[in-house]
Amino acid sequence: MKIIPLQPHYQYRLWGGDRLKRFGFYFDEVSIGEAWTASALPQGSSVVSAGPYAGTPLGELYNTHRELFGIDASVFPLLIKWIDPNDDLSIQVHPDDELAQSLEGQPYGKNECWYILDAPEGGEIIYGHTFESKETLQQALEAGDVMSGLIRRPVSRGDFLYVPAGTVHALTKDVSVLEIQQSSDTTYRLYDYGRTEPTTGRTRDLHVNQGTLASFAPHLDYVEHVLSLNHFRTQLTRNPYFFVEKWTIEREESVSTDTFRLLSVVDGTLEIDGSSFDIGATLLLPAGQSFQLDGTATCLVTGVSSPTKQKARIGIDLGGTNTRIAVVSTEGRLEKQYKLKTQPHLELDTLLNQIKLAVERFQLEYDITHVGIAAPGPLDLKRGAFLTPPNLPNWHHQTIVEPLCTLLGLPVTLENDANAAALAEAKFGAGRHVDSVFYVTVSTGIGGGFVYKQNLISGAHGSAGEVGNMIIRTDGPTHPTLNVGALETHASGTALHERARTKGMTDSMTLLTDEIERNTFVEDLATGLANIIHTVDPDVIILGGGVTASAPLYWNQLQDAVAMRVYPHLRGATPLVLQQLHGDAGVIGAAFLP
Ligand SMILES: O=P(O)(O)OC[C@H]1O[C@@H](O)[C@@H](O)[C@@H](O)[C@@H]1O
């Protein structure tokens, strides 16, 4: 028998019950909240249940038979739990490695992830908060008022969430999960509903100081790209501590291991190595072996990530509402990102410190060579500073490049957000097959960028492509910085929204269903696009931004209107296409700034 099946340790929890039994677990104790199916923690070890090592605790197996694992960490690094809450869990946060070592003398922090096994209709968990700093988080905790600032996220069966150390979170009643994590039992409880332990009549310990120290504040929201590896394997996360794959077995498959894997059956029946396993089983697949799998089953498989760091770039999309900090692969794929609310009423330093935290997390697993920032203009690119971006009033004229460069010790480049999006679309999106690409974003404002042979043409003053201020008419609303008759004052989302409002309509999409309004919009935008064609004659014009969500309403009409406004030999010669990278264009382009 090559596989090593494990028998769980059952853990009492205040919020536990006996419903873990529905996942095939068996126990007599009451109020069991967690089944630790792969644990080498001394306070609750899983034990080998069959085969030559039967009866050996996992930690002992690791210490005495290292050849089965193929890794050299001095302490077994992973922990797998099945959790079935019969009540809400505490509002909590976990430390990262550094804090776990300094505050607790523990080898590992507690980065964890959840595969949702079951959730009620409309089920939600708590993931993140809206407090703007550690101080406001702590004040709310002290005032007993933390619940009002917590973010709830809908979940349903089969969802997967990575919960980086530092994320304020809580599982809720009836949302059951398979939890894969670093081998740690350090939870900092921030709030526990004032509940008491029935056995002692006392409340459980809270750890407000350690918890506040460990928390992201402002909250950093983590998202990772899911990667299909082959017809039955999907990578759900790969982080510095572990990777998790979902294997969907529908016929015979073969796999081989370099280092060990832990496989948990979450649905169906898996046949492996001459035995069958149902939901609830966790198996150790030793290092350097091959296995035949069969049956019909869904399995979550984890192992330890390789320590080699890939080269990658970081793109930052600093918008008026949100800021995204992302790792982008050399092929232009957004690998993972942290997102936070931009808080332009606070010091710029607050944002820069959160960027530093995110970049340092990424540096644990990537060799970061460059950081690019895409931000709304107007910008002073030479000084690496904001000029007067309307959505960032408090930061006008502040430099961002130089302080960020000092904070990160990495080269940093700043560019206008529309230019960055243009670069991304030209390299990896709708313009990737041609030489000259003009990108126009029709959004809250109107911006644009010109890319020639994959190089951004910024212009002598960094203002090439600023087509929002291009005069297309002699009339129109006045604006503090734009020309009367500027394209943006007529055809932007803001302009359409304003016209919709005066007509008693709710949004610009509804406005564009009105024939007269639609004709006006199309003629204005077509005039702008024809002017672009006559200026740079690009291979393609790519249109992006929120207003293109209503493109089906006006697309054919727009093509005809552009054709009517250009020289006869240019009619129909410049394809108008929609952007392909959507909301990711800015952050991807930022990563590729020179
Ligand atoms: O502090 P309580 O409410 O018991 O919750 C503690 C539990 O929280 C979950 O989110 C996970 O991190 C578990 O590994 C942990 O054991």
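Every read-out reported here was derived from the displayed coordinates using simple, explicitly stated rules and does not represent laboratory data. Not measured: the values here are computed from a predicted model. Virtual Cβ from ideal backbone geometry, glycine too; neighbours counted across all protein chains shown.
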message = With the alpha-carbon atoms as the only input, what is the per residue convex hull volume for region 483-594 in Å³?
response = 129
inquiry  = Output wanted: per-residue J couplings in Hz (rounded whole) for region 313-324, from phi through Karplus 6.51 cos²θ - 1.76 cosθ + 1.60, θ = phi - 60°, x for Gly and Pro.
reply    = 10, 10, x, 10, 9, 9, x, x, 9, 10, 10, 10
key: Charge dipole (debye, nearest 20) of region 75-209; +1 at Cβ of Lys and Arg, -1 at Cβ of Asp and Glu   = 100
Placed amide H near residue 261: partners under 5 Å, 5+ positions off or other chain = 285
remark   = the chain: spread of alpha-carbon positions along the three principal axes, whole Å, largest first, is 85, 57, 47
query = To the nearest 20 debye, what charge dipole does the chain have about its Cα centre, counting +1 at the Cβ of each Lys and Arg and -1 at the Cβ of each Asp and Glu?
reply = 740
key: Using θ = phi - 60° and Karplus 6.51 cos²θ - 1.76 cosθ + 1.60, couplings along region 37-45 (whole Hz; Gly, Pro as x)   = 7, 9, 9, 10, 6, x, 6, x, 9
remark   = For region 147-200, the dipole about the Cα centre with charges only on Cβ (Lys and Arg +1, Asp and Glu -1), to the nearest 20 debye, works out at 220
task = Please report the relative contact order for the chain, taking Cα pairs under 8 Å with a sequence separation of at least 6, and give it as a percent rounded to a whole number.
result = 10
task = Mind pulling the angle between the C-alpha long axis of helix 348-363 and the longest principal axis of the chain? Nearest 10 degrees, somewhere in 0 to 90.
result = 50
remark   = With x for Gly and Pro, the residue-by-residue ³J(HN,Hα) of region 575-590, computed from phi through the Karplus equation 6.51 cos²θ - 1.76 cosθ + 1.60 at θ = phi - 60° and given in whole Hz, is x, 9, 10, 8, 5, 10, 8, 6, x, 8, 4, x, 6, 5, x, 4
task = Starting from the amide H of residue 441, placed 1.01 Å from N in the peptide plane, find each other amide H under 5 Å away whose residue is 5 or more places distant or on another chain.
result = 447, 448, 544
ask   = Roughly how tilted is helix 515-536, in degrees to the nearest 10 and between 0 and 90, from the longest Cα axis of the chain?
value = 80
task = Consider all pairwise Cα distances in region 110-250 and report the whole-number % of them above 18 Å.
result = 62
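Rounded, prolate or oblate for region 335-444? Axes are the square roots of the Cα gyration tensor eigenvalues, ordered a ≥ b ≥ c, and the cut-off for rounded is a/c under 1.5. Working shown, then result.
On the way: a/c = 1.84, a/b = 1.20, b/c = 1.53.
Here region 335-444 falls in the oblate category.
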query = Tell me, how many Å apart are the Cα centres for region 109-166 and for region 8-47?
reply = 23
inquiry  = Taking amide H atoms as placed 1.01 Å from N in the peptide plane, list the residues 5 or more away in sequence, or in a different chain, whose amide H sits under 5 Å from that of residue 56.
reply    = 48
key: Sites matching trypsin sites (Lys or Arg not before Pro) across region 199-284 that sit in DSSP coil, with at most 10 neighbouring C-beta atoms within 10 Å   = 202, 251
request  = For region 461-548, run through the trypsin sites (Lys or Arg not before Pro) and keep only the ones in DSSP coil with at most 13 other Cβ atoms within 10 Å of their Cβ.
outcome  = 503
Ranked by how many other beta carbons lie within 10 Å on average, peptides 579-590, 56-67, 1-12 from highest = 579-590, 1-12, 56-67
ask   = How far is helix 417-428 tilted, in degrees, relative to the longest principal axis of the Cα atoms in the chain, given as a value from 0 to 90 rounded to the nearest 10?
value = 70
task = Sort out for me the Cα centre separation of region 428-452 from region 222-261, rounded to whole Å.
result = 36
key: Ranked by how many other beta carbons lie within 10 Å on average, peptides 267-273, 424-430, 173-179 from highest   = 424-430, 173-179, 267-273
query = Could you state the per residue volume, in Å³, of the convex hull enclosing the Cα atoms of region 35-124?
reply = 145
Reachable aspartates and glutamates, given that their alpha-carbon falls under 17 Å from the alpha-carbon of residue 134 and they are not under 8 places away in the same chain = 96, 142, 145, 221, 347, 349
